[in-house]
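Quick notes on the structure that follows.
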Protein chains: 4
Amino acid sequence: MPRAVRERQMMDAAVRTFGRRGYRAASMDEIAELAGVSKPLVYLYLHSKEELFTACIRREAEALLTAVERAVEPELPADRQLWAGLTAFFAHAAEHPDAWSVLHRQARTHGEPFALEVAAMRGHIVAFVAGLLEAAAREAGSPGPPGERDVEGLAQALVGAAESLAAWVNESEGESGGAVSAKEAAATLMNFAWVGLGDLIKGERWSPR
Amino acid sequence: MPRAVRERQMMDAAVRTFGRRGYRAASMDEIAELAGVSKPLVYLYLHSKEELFTACIRREAEALLTAVERAVEPELPADRQLWAGLTAFFAHAAEHPDAWSVLHRQARTHGEPFALEVAAMRGHIVAFVAGLLEAAAREAGSPGPPGERDVEGLAQALVGAAESLAAWVNESEGESGGAVSAKEAAATLMNFAWVGLGDLIKGERWSPR
Amino acid sequence: MPRAVRERQMMDAAVRTFGRRGYRAASMDEIAELAGVSKPLVYLYLHSKEELFTACIRREAEALLTAVERAVEPELPADRQLWAGLTAFFAHAAEHPDAWSVLHRQARTHGEPFALEVAAMRGHIVAFVAGLLEAAAREAGSPGPPGERDVEGLAQALVGAAESLAAWVNESEGESGGAVSAKEAAATLMNFAWVGLGDLIKGERWSPR
Amino acid sequence: MPRAVRERQMMDAAVRTFGRRGYRAASMDEIAELAGVSKPLVYLYLHSKEELFTACIRREAEALLTAVERAVEPELPADRQLWAGLTAFFAHAAEHPDAWSVLHRQARTHGEPFALEVAAMRGHIVAFVAGLLEAAAREAGSPGPPGERDVEGLAQALVGAAESLAAWVNESEGESGGAVSAKEAAATLMNFAWVGLGDLIKGERWSPR
DNA sequence: TATGAATGAGGATTCATTCAT
DNA sequence: CATGAATGAATCCTCATTCAT
């Protein structure tokens, strides 16, 4: 069997195992068995547990970014772009729960080298969202652009909310109340954020006292 | 030395170690050494690694809830309550980064039993926030209450955003741009959410198409 | 059982195993079993295979040096000192063949860190021998001291010859011709070296052509 | 490429790897890569690691013997023969340090089968030297031949000293004091041994008491 | 109350060796 | 003639956990 195929099998098995058990609790034995190969072959192709994990993170980060990018059409107005991106994001996370667990939980919990890998991807997304927010401000004819820090904070919060919702969506799957769909989640978030953003642009702020 | 004191020393050491190393990577050896006691004593008092971790989660969840509850004065209007709670939340997370790591990362990454423990706490917080949202709706004279699911989704998103911001606040500490304070974070979130929430209550919604 | 005792048992087992199998071929499993303890205990006390090997080298080097030093009485004339030292050396090597193998073979064959350890001991011995050679020259009323390099070369050759003879003595043990005793070996070497050394001091040299 | 050539490449690589890393630490992977062939080919031609190592030992032992034999002219007097042989020996060891390491260190450190292989070669050399010593005795008109055991002991010591000096010569290469040449080493040894040997033949002996 | 001594079980990693092509 | 693909068997090391005192 050609190397490329085997390699994909192994990484699939690894993502699944890492996603469910966690980095430390996942054993190379289990991964190899799940992939249907012997352990030495895993080492021959992927060198070490660390490298294997890193490879998984990179592959899944790329896949997530690609899924979002494909869904977004740059000629649309900013809100439609955000909507499309969010929907794709939730859908991807729901369709690949183990990959999502690897990116959102495991990678960020097991040491800098891995966390940096996802941080890079998250940086892309935050920047993308921040861009949309500024575009939205311009489209809305905002008198002056909101401060850069404001925008970054907003983007952080939005992405955080999305991530948190994604986890909720994934976890609600097995529950009695029925699953929450990607579109529902995206709509919730748009309602939560976009309308308020409009006000924010218009200068309406909440402030203590 | 009285048992209660010893026990607290151990749990302090455990929280610190679990928070920094992660559940699996933390060794009972390290915890015992950091606590300044022998390993058998740790087992005598806390029985097993799992129970120790659970105890840490419970203690820190309680501490976080308490900190938030103390800050909130129930006679105030809903928005002031939320503001106070958020500020306390961010401050607590910033002051106890290891505890925050245990709750936010480690506990949710290492198996159901632990995740359920934090899920319970999170449930409390979400319910509290949902209550505030409904109160806000009433206060604002909303024609009809928003659907229950809407409210839960909003609360989830808000709490998720808060958690994400807390991580951001904690991580920005060492950076050049200057640390982000608890108040700043709370203000960002209030701006992000509250104003828009008002519109939402008034019936203004974003919807695709 | 007290730690010190256990530690000695382990090192005895280690010397024996390293001496017979070689550093790489010796397994920690075998050492632990031979010592009558579990593997983790070996690691608890001696930390790693490398450290264990180093500890063995150091202990046996010290033991060998001590054996030689004890045998030498500094008031005697140089030739008697050398004779006593050589006899003690051969006797010690014959009585502790595994230790001798560790020092002479294994340590020098498995990487710098170990080789340096024995090189230090060997340095002591060579210096001691060189000292005796110079003393002998003085005692014999040599007109001028032999060149420093000559002396070092001679000492090297003498020590090398002794080491080689020690190996021969050890290996001849099981053979039909009967074992070679420490005294025989020492005598051979004294004959080989001392008489010639006398001539050398007197200025008689062999030279090509 | 003809088989003989390939085989030589492999053995060259093997000698180099075994000499530097040691028998156990040398991996067939490394040897194959260094030889520029695939691992199965190594197995096809040389069957196993053990056989490969044995083949290396044999080849290099032969080469060393040949180098010494070529240098010795049987019509010369015994001392000149010894001188020529020693010089050739030191030169060969210096020019082929990895081969020397294989013969002197590795082969003798990793189990009987290999040690016997070098022991055979060493036996040839010792016999050759012993022959020269007896010839020298005759040439010197010794009243009676020295005992056989004396001669073997002397030859052993001489060869041992030579081996030890060879290691010293090889290792002194990188040092500040300047390298020690093959001729210097041979001269040291001749001075050390030959002059004294003369006395020995004449019956002058060192003896304790 | 407190600990020094001890271990069973398991995990990452490597290596000599063999097929099918 | 030559190799890409594959593995069984060890080996080093760590860790949660328990006695005897």
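Coordinate-derived values only; no laboratory data. None of the values given here were measured: they were computed from a predicted structure. Here Cβ is always computed from backbone atoms with ideal geometry, including for glycine, and neighbour counts include all displayed protein chains.
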Springs between alpha-carbon pairs under 10 angstrom, Gaussian network model over chain C: which of C:20, C:138, C:58 fluctuates most?
C:138
Degrees separating the helix D:3-21 axis from the principal Cα axis of chain D, which is the longest one
70 degrees
Let me know the charge dipole size of the protein assembly as shown about its Cα centre in debye, to the nearest 20, where only the beta-carbon of Lys, Arg (+1) and Asp, Glu (-1) is charged.
600 debye
Output, in nm with one decimal and in ascending order, the distances from the residue D:65 label point to the matching label points of the other copies (7 Å from Cα along Cα-to-Cβ).
4.1, 6.6, 8.7
Charge dipole magnitude, Cβ of K and R +1, D and E -1 - chain A, Cα centre, debye nearest 20:
360 debye
Partner shielding of B:102-113, as the mean number of partner chain Cβ atoms within 10 Å, equals 3
Can you give me the angle between helix B:78-95 and the longest principal axis of chain B, using Cα atoms only, in degrees from 0 to 90, rounded to the nearest 10?
30 degrees
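Using the number of other C-beta atoms within 10 angstrom as an exposure proxy, rank A:54, B:66 with the fewest first. Mind dumping the intermediate values first?
Working: A:54 17, B:66 12.
Going from sparsest to densest Cβ surroundings: B:66, A:54.
Would you tally the net charge around residue D:57, using a Cβ to Cβ cut-off of less than 12 Å, leaving residue D:57 out, and scoring K and R as +1, D and E as -1?
Details: positive: D:58, D:59, D:105, D:108, D:122; negative: D:50, D:51, D:60, D:62, D:117.
Here the charged neighbours net out to 0.
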Distances from residue C:123 to the same residue in each other copy, label points 7 Å out along Cα→Cβ, in nm, shortest first?
4.0, 4.9, 7.0
Using only alpha-carbon positions, what ratio does the radius of gyration of the protein assembly as shown give when scaled by 2.2 N^0.38 Å?
1.42
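Can you tell me the relative contact order of region B:1-150? Whole percent, Cα pairs under 8 Å, sequence separation 6 or more. Present the calculation step by step, with values, prior to reporting the outcome.
Numbers: 120 pairs, mean separation 38.4, N = 150.
This gives 26 percent for region B:1-150.
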Which distances, in nm and shortest first, link the residue D:50 label point to the same label point in every other copy, taking 7 Å along Cα→Cβ?
3.1, 3.7, 4.8
Pairwise centroid distance, computed over Cα atoms, of region D:1-60 with region C:93-135, Å
32 Å
Bins of 5 Å from zero: percent of alpha-carbon pairs in chain D:
1, 7, 14, 16, 16, 13, 11, 9, 5, 3, 2, 1, 0, 0
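Could you list C:96, D:110 so that the one with the fewest beta carbons within 10 Å of its beta carbon is first and the one with the most is last? The partial results should precede the final answer.
Numbers: C:96 20, D:110 23.
So the ranking, lowest neighbour count to highest, is C:96, D:110.
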When chain A is turned about an axis onto chain D, which of its residues keeps its C-beta closest to that axis, and how many Å is it?
A:40, 4
Inside 10 Å of the C-beta atoms of B:183-191, what's the mean count of C-beta atoms belonging to other chains?
5
In degrees rounded to 10, the 0-90 angle between helix A:148-171 Cα long axis and the longest Cα principal axis of chain A is 50 degrees
Expressed in angstrom and ordered largest first, the alpha-carbon extents of region A:1-87 along the principal axes are 52, 29, 18
Please order B:51, C:60 by the number of other Cβ within 10 Å, starting at the fewest.
B:51, C:60
Cα-based Rg (one decimal) and Dmax (whole number) for region A:1-47, in Å?
9.8, 30
Simple Cβ-charge dipole of region D:1-56, Lys/Arg +1 and Asp/Glu -1, about Cα centre, in debye nearest 20
80 debye
